[in-house]
Amino acid sequence: MHVPDDQTPDSRETPEAPANSAPEDVAETPEPRPQPKSAYELPSKKNTVLRNMIWALVLTMAVVVVIAIAFFGVGSDPGREPLANSELDVSESAERAQDAVSFPVAAPNPQEGWTERSARFTGGESPQWTVEYTSPSDQLVTLTEAAEVGAPMLSSALPGATVQEELSIGGAQCQVLSGDTDGTTELALSCQGEDFGLLVHGATDREEIQALMEQALADVQE
């Protein structure tokens, strides 16, 4: 039997899949989303930070209070004995200042109840020697010395000073003065010698002012 040419086995074509046919859809697994933080976790961390800040502030304030108490004490107690400056040596400082000035530098030894607080020398055209004391009544009393007690010294130490009385102490001509320092009325004694001038002032009574002046005059006149 004759088979037509177009029906021979070798001439049959096998259907081919279209070239652009898409593969079957594959179900994609969604990526896991980040889980939100617990609603109770965030406030807890914030509270921890806040507590740490409060504790730091409390500790800082406590340190400040302790330092303030150490330096100034609690309240104002006139009977409290002031702390002495164990490193201060007025006599030694006066000896060094003496090498730089022509007037005799006063370094009186404080009597009972007096405490030396500081001593300093200021050079220049008008050198000055200054010693601060705590008096028996727990008041600051300052001794200032120069070649003379002039207007610059008075205006700096005792602004608005006025003469209340004139007298002689230890052979030196002196004046009792009063003035205002930072809103506080102070009493002062000013004494002028041949080659020195002394000024003692403080917010205390005349007895203490004159006691320190007498010691200073005795020291420079030796």
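The values are calculated or read from the model by the stated rules, or taken from the named source; none is laboratory data. This is a predicted model, so every value here is computed, not measured. No Cβ is skipped: glycine too gets one built from the backbone with ideal geometry, and neighbour counts run over all protein chains shown. Just the protein is used for accessible areas: all its heavy atoms, side chains included, with ligands, DNA and RNA removed. Shrake-Rupley method; radii C 1.70, N 1.55, O 1.52, S 1.80 Å.
Here's a check for you: in the stretch 209-219, which residue that is out of contact with any Gly (no Cβ under 7 Å at 6 or more places or on another chain) and open to solvent by 20 Å² or more (accessible area, probe 1.4 Å) is farthest from T142 (Cα to Cα)?
Of everything passing the filter in the stretch 209-219, D219 is farthest from T142 (Cα to Cα).
Can you tell which of L199, L187 is hydrophobic (A, V, I, L, M, F, W, C), touching a strand residue (DSSP E or B) at 6+ places or on another chain (Cβ under 7 Å) and either open to solvent by 70 Å² or more (accessible area, probe 1.4 Å) or in contact (Cβ under 8 Å) with a residue 24 or more places away in the chain (or both)?
L199 is the lone residue from the list that is hydrophobic (A, V, I, L, M, F, W, C), touching a strand residue (DSSP E or B) at 6+ places or on another chain (Cβ under 7 Å) and either open to solvent by 70 Å² or more (accessible area, probe 1.4 Å) or in contact (Cβ under 8 Å) with a residue 24 or more places away in the chain (or both).
Of all residues in the stretch 128-160, which are open to solvent by less than 40 Å² (accessible area, probe 1.4 Å) and touching a helix residue (DSSP H, G or I) at 6+ places or on another chain (Cβ under 8 Å)?
Matches in the stretch 128-160: W129, V131, Y133, S135, V141, T142, L143, T144, E145, A146.
Are there any pairs with C-beta distances below 8 angstrom linking a residue in the stretch 136-152 that is closer than 23 Å to A100 by Cβ to a residue that is part of a strand (DSSP E or B) and among the charged types (D, E, K, R), with the two at least 6 apart or on different chains, and if so which?
T142/E132; L143/E132
In this structure, is G160 modelled with pLDDT under 95 and more than 19 Å from Q139 (Cβ to Cβ)?
For G160, the condition - modelled with pLDDT under 95 and more than 19 Å from Q139 (Cβ to Cβ) - is met.
Can you tell me which residue within the stretch 163-174, out of those that are in contact with a Cys (Cβ under 9 Å, 6 or more places away or on another chain) and small (G, A, S), is modelled with the lowest pLDDT?
Ranking the qualifying residues of the stretch 163-174, first place goes to G170.
Restricting attention to the stretch 89-147, report how many residues are among the hydrophobic types (A, V, I, L, M, F, W, C), out of contact with any Phe, Trp or Tyr (no Cβ under 6 Å at 6 or more places or on another chain) and over 19 Å from E194 (Cα atoms).
5
Residues are listed down the side, and each one gets a yes or a no for (1) of a type in the set (V, I, T); (2) modelled with pLDDT under 50; (3) surrounded by 13 or more Cβ atoms within 10 Å (Cβ to Cβ):
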| residue | (1), (2), (3) |
| --- | --- |
| G75 | no, yes, no |
| R80 | no, yes, no |
| S86 | no, yes, no |
| A100 | no, no, no |
| G113 | no, no, yes |
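Out of curiosity, is T60 farther than 30 Å from E214 by Cβ and at pLDDT 80 or above?
yes
Taking the stretch 100-126, which residues are closer than 20 Å to Q221 by Cβ and not small (G, A, S)?
V101, F103, P104, V105, P108, N109, P110, Q111, W114
Regarding the stretch 133-145, can at least one residue be identified that is in contact with a Cys (Cβ under 9 Å, 6 or more places away or on another chain) and outside any helix (DSSP H, G or I)?
no
Among the listed residues E145, E208, identify the single one that is modelled with pLDDT of 95 or more, of a type in the set (D, E) and touching a Leu at 6+ places or on another chain (Cβ under 6 Å).
E145
Does the stretch 101-116 contain at least one residue that is touching a residue at least 40 places away in the same chain (Cβ under 8 Å) and among the hydroxyl-bearing types (S, T, Y)?
yes
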